[in-house]
Amino acid sequence: QRFSTAAVAEEPISPPVQVNYTQLLIDGKFVDSASGKTFPTLDPRTGELIAHVAEGDAEDINRAVHAARKAFDEGPWPKMTAYERSRILLQFADLIEKHNDEIAALETWDNGKPYAQAANIEVPMVARLMRYYAGWADKIHGLVVPADGPHHVQVLHEPIGVAGQIIPWNFPLLMFAWKVGPALACGNTVVLKTAEQTPLSALFASKLLHEAGLPDGVVNVVSGFGPTAGAALASHMDVDKIAFTGSTDTGKVVLELAARSNLKSVTLELGGKSPFIIMDDADVDHAVELAHFALFFNQGQCCCAGSRTFVHERIYDEFVEKAKARALKRVVGDPFKNGVEQGPQIDDEQFNKILRYIKYGVDSGANLVTGGDRLGDKGYYIQPTIFSDVQDNMRIAQEEIFGPVQSILKFNDLNEVIKRANASQYGLAAGVFTNNLNTANTLTRALRVGTVWVNCFDVFDAAIPFGGYKQSGIGREKGIDSLKNYLQVKAVVTPIKNA
Ligand code: ADP
C-alpha cells in the first residue's frame, strides 16, 4: 500500500489570506464578547492556532437577539420593500464573487477542505443561492380563498420574526447561505451561531452583507460553543424560530430546548447513513468512481455521505478490487496544494472518533481492504479506508462515522436491498446505480429518504429541496420548501355586506 504521505509531511503552504474579523457581529458592529473571553480556532493541517476568536455565550446571544428583535420590530428592515431586500441579496452575491478566492482560502484554512473545492464549487454556490433567494423575495404572496359564508378571506404570508440559526463545521459558508438566504428573502432577522471549529468565513461573509446594504441588526453572528451560546439561542424566549444543522443527538436537544422555552418552530437537518445501491447491470468502473465520490467527498464529512455501499453479488469482487485501487490513488495532502483531493479531518475529536470506528470495524470482523490508520504524524489526516464484507448489524454500518471510511455490503436481490437500506434510524439520502428504468423507479419509490440520486450523487442546486425522513430531520432547506420555514400564515376574514 502506498499513500501520498509526502504531501502531508511537507511544511504547510501559507494560506493566501489574512484573518481580519474575529469579533462577534452584533447590531452591525464587530464587538468583543461580554465576558471578554476568546477561544482558539485551529488549523486542521497542523493543529496549530489560526486566530483567537471572541467567545459568545448567553449574554451575547441576548444582546444579539435584542438587536435582531429591534431590527424586526422597528426597522428599517420591516419597512423595506421586498424588491429592496432582493437588491441587497443580489449585491451580496456580487461581493461574494468579488472576494471568491479570499473567502475560499479562509474556508480551507479553517476547515481543511481542498481549496479547489471551496473556490470552484462552494463559494460560487453561495453566490448562486443568494441570487436564487433574491429572486424569491418579491414573489412571496398569499392567497384569497373562497369561503362558505359571505366573507372575504385573505391568507397572508408574513415573516416569522427573529430566526435563530445554528450551523455545523463541515460546510461553514454554505450552511450560512442555506440558513440566511431564505430567512432574509422572507423578511426575517437573524441570530446565527457558527460552529466552534469554523467561525471565520461567516464573519467575513456577514461583513460583506453589511457592505451590500443590509441594515444593522438584521443579521447577527455569534461565535461560540454549543452548550453555552447554542443552547441559549435555542431556549431564548424572544426567538421565534430555530433552524439547526448538526448531529441527531444535538438536534434532539435543540428541539427540547425550543419546546421547553417558548415553543418556537423548529427545523432540523441531521445525520445520515445513506445507502448507495449498485445493481449488477451497472458499469463497474463508473459505479466505483461514483461510490468513491459519494463517500470520500469533503473528507467523508457529509451528513448525506453514501456510507453504506451496497453492491450486487455478481459484480461484488470486481467492485471491491477496483474500489481499493481507486482509494489508493486518492491524493491526500495539504488542501492548499493543487491536485489534492482530500485534506485533514476537522479536529482531533473527529480524527480520534474515526480511528475508533475503524477499530470497531476490525474488531467486529469486517475485512479491512485498505487504509485503516492516520496519514503522516502531524494534523488530522486519515488514510482513505475501505471495509468489505460489512454486515448490517455492525456499528460501522449503523452509525455515522463522518470520515473517509467506506463500508461495502453485499446483496443479491432487489427486495432484500430495499429492506436493508431502509433498516436505519436515518433517512437523509440514497444513491441508486442502474441502467434499468424499472429498477430505478422501484428503488426511488421504496427508499424512505429525502433525496434519491439516480446514477449521480451529491448534486446540489439552489432549487432542489434537501432534508431528511425519520431521524435525519424535520423540514426541508433550499427550494420553495425552505420558504415555509420562515413564514407565518395569517388568515384575515372580513364580512362582505351589500351596500
Ligand atoms: P458535531 O458533533 O459534528 O460537532 P453538533 O451537532 O454537536 O455536531 O454541532 C453542530 C452545531 O450545534 C454546532 O454549532 C454546535 O456548537 C452546536 N451545538 C452543540 N451542542 C449544542 C447544544 N446543546 N445546544 C445548541 N447547539 C449546540
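The values are calculated or read from the model by the stated rules, or taken from the named source; none is laboratory data. These numbers were taken from a predicted model, which means no experiment stands behind them. Heads up, the Cβs are rebuilt from the backbone with ideal geometry, glycines too, and the neighbour counts pull from every protein chain shown.
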Exercise. How do the pairs read when you match residues in segment 87-114 that are without any contact (Cβ under 8 Å) to a residue 24 or more places away in the chain with residues anywhere that are crowded, with 24+ Cβ neighbours inside 10 Å, using Cβ under 7 Å and keeping only pairs 6 or more apart or on different chains?
Worked result: ALA104/ALA118; ALA104/VAL123
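Considering only residues that are aliphatic (A, V, I, L, M) and either touching a residue at least 40 places away in the same chain (Cβ under 8 Å) or more than 12 Å from the ligand (Cβ to nearest atom) (or both), which ones fall in segment 178-194? If you could, list the steps in order and put the result at the bottom.
Applying the first criterion (aliphatic (A, V, I, L, M)) to segment 178-194 yields 180, 183-185, 190-192.
The answer is VAL180, ALA183, LEU184, ALA185, VAL190, VAL191.
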For this session: Could you tell me which numbered condition PRO227 fails, if it satisfies all but one of (1) closer than 30 Å to TYR380 by Cβ; (2) more than 10 Å from the ligand (Cβ to nearest atom); (3) surrounded by fewer than 17 Cβ atoms within 10 Å (Cβ to Cβ)?
Result: (2)
Seminar exercise, completed: If we keep only residues of segment 234-247 that are within 7 Å of the ligand (Cβ to nearest atom) and among the hydrophobic types (A, V, I, L, M, F, W, C), then the residue farthest from TRP169 (Cα to Cα) is ALA234
Problem set entry | VAL320 part of a loop (DSSP other than H, G, I, E, B) and either over 19 Å from the mean Cα position of the chain (by Cα) or more than 16 Å from the ligand (Cβ to nearest atom) (or both) | no
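Can you name every residue in segment 375-391 that is surrounded by 19 or more Cβ atoms within 10 Å (Cβ to Cβ) and either more than 20 Å from ASP110 (Cα to Cα) or under 22 Å from the mean Cα position of the chain (by Cα) (or both)? Spell out how you get there, then give the answer.
If we filter segment 375-391 for residues that are surrounded by 19 or more Cβ atoms within 10 Å (Cβ to Cβ), which is where we start, we get 375-376, 379-388, 390.
Scanning segment 375-391 gives TYR380, TYR381, ILE382, GLN383, PRO384, THR385, ILE386, PHE387, SER388, VAL390.
Condition check ((1) surrounded by fewer than 23 Cβ atoms within 10 Å (Cβ to Cβ); (2) in contact with an Asp or Glu (Cβ under 9 Å, 6 or more places away or on another chain); (3) among the hydrophobic types (A, V, I, L, M, F, W, C)) across all residues:
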{"residue": "GLU318", "(1), (2), (3)": "yes, no, no"}
{"residue": "GLU321", "(1), (2), (3)": "yes, no, no"}
{"residue": "LYS324", "(1), (2), (3)": "yes, no, no"}
{"residue": "ASP347", "(1), (2), (3)": "yes, no, no"}
{"residue": "LYS353", "(1), (2), (3)": "yes, no, no"}
{"residue": "TYR357", "(1), (2), (3)": "yes, yes, no"}
{"residue": "VAL362", "(1), (2), (3)": "yes, no, yes"}
{"residue": "THR370", "(1), (2), (3)": "yes, no, no"}
{"residue": "ASP373", "(1), (2), (3)": "yes, no, no"}
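If only one of SER307, SER261 is under 29 Å from ALA119 (Cα atoms), of a type in the set (Ser, Thr, Tyr) and modelled with pLDDT of 95 or more, which one is it? Spell out the reasoning first.
Working: SER261 fails: under 29 Å from ALA119 (Cα atoms).
The unique qualifying residue is SER307.
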Seminar exercise, completed: Log entry, pairs with first residue in segment 353-371 being of a type in the set (Phe, Trp, Tyr), second being outside any helix (DSSP H, G or I), beta carbons closer than 6 Å, six or more apart or on different chains, reads TYR357/ILE401
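Can you go through ILE121, ILE160 and tell me which one is touching a Lys or Arg at 6+ places or on another chain (Cβ under 7 Å), surrounded by fewer than 24 Cβ atoms within 10 Å (Cβ to Cβ) and among the hydrophobic types (A, V, I, L, M, F, W, C)?
Details: ILE121 fails: touching a Lys or Arg at 6+ places or on another chain (Cβ under 7 Å).
Step by step, each of ILE121, ILE160 is checked, and only ILE160 is touching a Lys or Arg at 6+ places or on another chain (Cβ under 7 Å), surrounded by fewer than 24 Cβ atoms within 10 Å (Cβ to Cβ) and among the hydrophobic types (A, V, I, L, M, F, W, C).
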For this session: Answer yes if at least one residue in segment 267-278 is of a type in the set (Phe, Trp, Tyr), in contact with a Ser or Thr (Cβ under 8 Å, 6 or more places away or on another chain) and within 13 Å of the ligand (Cβ to nearest atom), and no otherwise.
Result: no
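Looking at segment 127-171 only, could you name the residues that are within 22 Å of LEU106 (Cα to Cα), part of a loop (DSSP other than H, G, I, E, B) and touching a strand residue (DSSP E or B) at 6+ places or on another chain (Cβ under 8 Å)?
To start, the set of residues in segment 127-171 that are within 22 Å of LEU106 (Cα to Cα) comprises 127-130, 165-171.
Okay, now just the ones that are also part of a loop (DSSP other than H, G, I, E, B), so 167-171.
Listed by number, the residues that qualify are ILE167, PRO168.
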Exercise. Would you say GLY361 is over 14 Å from GLN301 (Cα atoms), more than 16 Å from the ligand (Cβ to nearest atom) and not in a helix (DSSP H, G or I)?
Worked result: no
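Of everything in segment 425-452 that's out of contact with any helix residue (DSSP H, G or I) (no Cβ under 8 Å at 6 or more places or on another chain) and assigned to a strand (DSSP E or B), which residue is surrounded by the most Cβ atoms within 10 Å (Cβ to Cβ)? Walk me through it before giving the result.
The first filter runs over segment 425-452 and keeps only residues out of contact with any helix residue (DSSP H, G or I) (no Cβ under 8 Å at 6 or more places or on another chain), leaving 427-429, 435-438, 440-441, 444-445, 449-451.
Among the residues that remain, those that are also assigned to a strand (DSSP E or B) are: 427, 429, 451.
Details: GLY427: 23, ALA429: 29, THR451: 24.
In this case the residue turns out to be ALA429.
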Exercise. From the list VAL65, VAL53, which one is over 19 Å from SER201 (Cβ atoms), within 25 Å of the chain's Cα centre (by Cα), at pLDDT 95 or above and buried (at least 18 other Cβ atoms within 10 Å of the Cβ)?
Worked result: VAL65
